[in-house]
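Read through the structure below, which is laid out as structure tokens, and then see the notes.
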Amino acid sequence: MIYYFSGTGNSLAVAQSIAEGTGQEISNHLIATPKGSDNEVVGFVCPVYAWGIPRHFKEMVRQWVRITKAKEIAAPDYIFMVLTCGDDIGMTDREMEQLLKEGGHKPDACFSVAMPNTYVCLPGFDIDPADLQKHKLQAAKGRIREIIAHINQRKRGLTDVVRGSVPRLKSYVLRPLFNKFLTGDKRFFATDDCIGCGLCQRICPLQNITGSSTGQPQWNGKCADCLRCYHMCPKHAIHYAGRTRNKGQYHHKVLHEKP
């Protein structure tokens, strides 16, 4: 089983490709399999947000750790994780390792996969140019084939990630500050370009968006900070503070495909 979280589709596309190549199923919520059932391989696939694990997915991993520790589901023989990122992951793999360690687990392999950038909420941050998006998506295909081969061979003790420069500073100093001051949905709003189509409500992974009396979206405090609503708005009417005007939108085509 491969558990995943995806905002703009990058991690979903990677999870699907790995599942196809390894014969696994994927799920974005926990599936409690009966005791003793065959659950030999478990994978975790998620994006890196501010050089760390997304809060929503972190809680999901913690739940999985709790139920395996309580022996409510079978402990896997092989655990891998794949972290998608725009450039680098900081110390995100160590954060995941620590989570799994709480249940007596240790990941056998960890990988990172570079995908198109999606973060646009600070000055100087924007999506990648179209040619760079194309290059990253093409390179990711070969990268995923390598990962599939390692998983099928049950390679152990493998950490194949791009941590980038000063990874500890990014994950242990900048990340806490980022989470404290630059996350949450209070700064999202819709402009008058909003046509009240309701797409943002339907696609929000945490069902955090509802419609106002005028049809415009309202955010309700459970934001995953995934930016799916921003990137998929057909009128580019959703913005974050005053920082996303004139910036681009990106989402992986996999979000338009039927599961």
Restricting the search to the range 147-164, which residues are more than 19 Å from residue 13 (Cα to Cα), part of a loop (DSSP other than H, G, I, E, B) and touching a residue at least 40 places away in the same chain (Cβ under 8 Å)?
154, 155, 156, 157, 162, 163, 164
Members of the range 84-98 that are assigned to a helix (DSSP H, G or I), over 16 Å from residue 5 (Cα atoms) and not charged (D, E, K, R)
98
So which of 110, 121 ends up being part of a strand (DSSP E or B) and either surrounded by fewer than 20 Cβ atoms within 10 Å (Cβ to Cβ) or assigned by TED's automatic domain parsing to the domain that holds residue 68 (or both)?
110
Would you confirm, using the coordinates I've provided, whether residue 230 is assigned to a loop (DSSP other than H, G, I, E, B) and of a type in the set (Ser, Thr, Tyr)?
no
Give the number of residues within the range 75-118 that are under 16 Å from the mean Cα position of the chain (by Cα) and small (Gly, Ala, Ser).
4
When both residues are 6+ apart or on different chains and their Cβ atoms are under 9 Å apart, which pairs have a first residue that lies in the range 175-200 and is closer than 17 Å to residue 120 by Cβ, and a second that is outside any loop (DSSP other than H, G, I, E, B) and among the β-branched types (Val, Ile, Thr)?
185/209; 188/209; 188/238; 189/238; 190/238; 191/238; 200/209; 200/238
Part of a helix (DSSP H, G or I), under 25 Å from residue 224 (Cα atoms) and among the polar types (S, T, N, Q): which single residue out of 133, 138 fits that description?
133
Can you give me the number of residues within the range 208-227 that are in contact with a strand residue (DSSP E or B) (Cβ under 7 Å, 6 or more places away or on another chain), more than 24 Å from residue 117 (Cα to Cα) and assigned to a loop (DSSP other than H, G, I, E, B)?
3
Single residue of 199, 182 found to be touching a Leu at 6+ places or on another chain (Cβ under 8 Å) and either surrounded by fewer than 16 Cβ atoms within 10 Å (Cβ to Cβ) or not polar (S, T, N, Q) (or both)
182
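Matching residues to (1) at pLDDT 95 or above; (2) farther than 25 Å from residue 137 by Cα:
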| site | (1), (2) |
| --- | --- |
| 197 | no, yes |
| 215 | no, yes |
| 227 | yes, no |
| 232 | yes, no |
| 238 | yes, yes |
| 243 | no, yes |
| 251 | yes, no |
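When the residues of the range 206-254 are narrowed to those that are polar (S, T, N, Q) and not assigned by TED's automatic domain parsing to the domain that holds residue 192, which ends up farthest from the chain's Cα centre (by Cα)?
246
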Which of the residues belonging to the range 124-141 are loosely packed, with under 14 Cβ neighbours inside 10 Å and within 30 Å of residue 78 (Cβ to Cβ)?
138, 139, 141
Tally time: how many residues in the range 77-114 are of a type outside the set (S, T, N, Q), in contact with a Leu (Cβ under 7 Å, 6 or more places away or on another chain) and closer than 22 Å to residue 227 by Cα?
1
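The values are calculated or read from the model by the stated rules, or taken from the named source; none is laboratory data. Keep in mind that this is a model prediction, so the values were computed, not measured. All Cβ positions, even for glycine, are placed from backbone atoms using ideal geometry, and neighbour counts span all protein chains on display.
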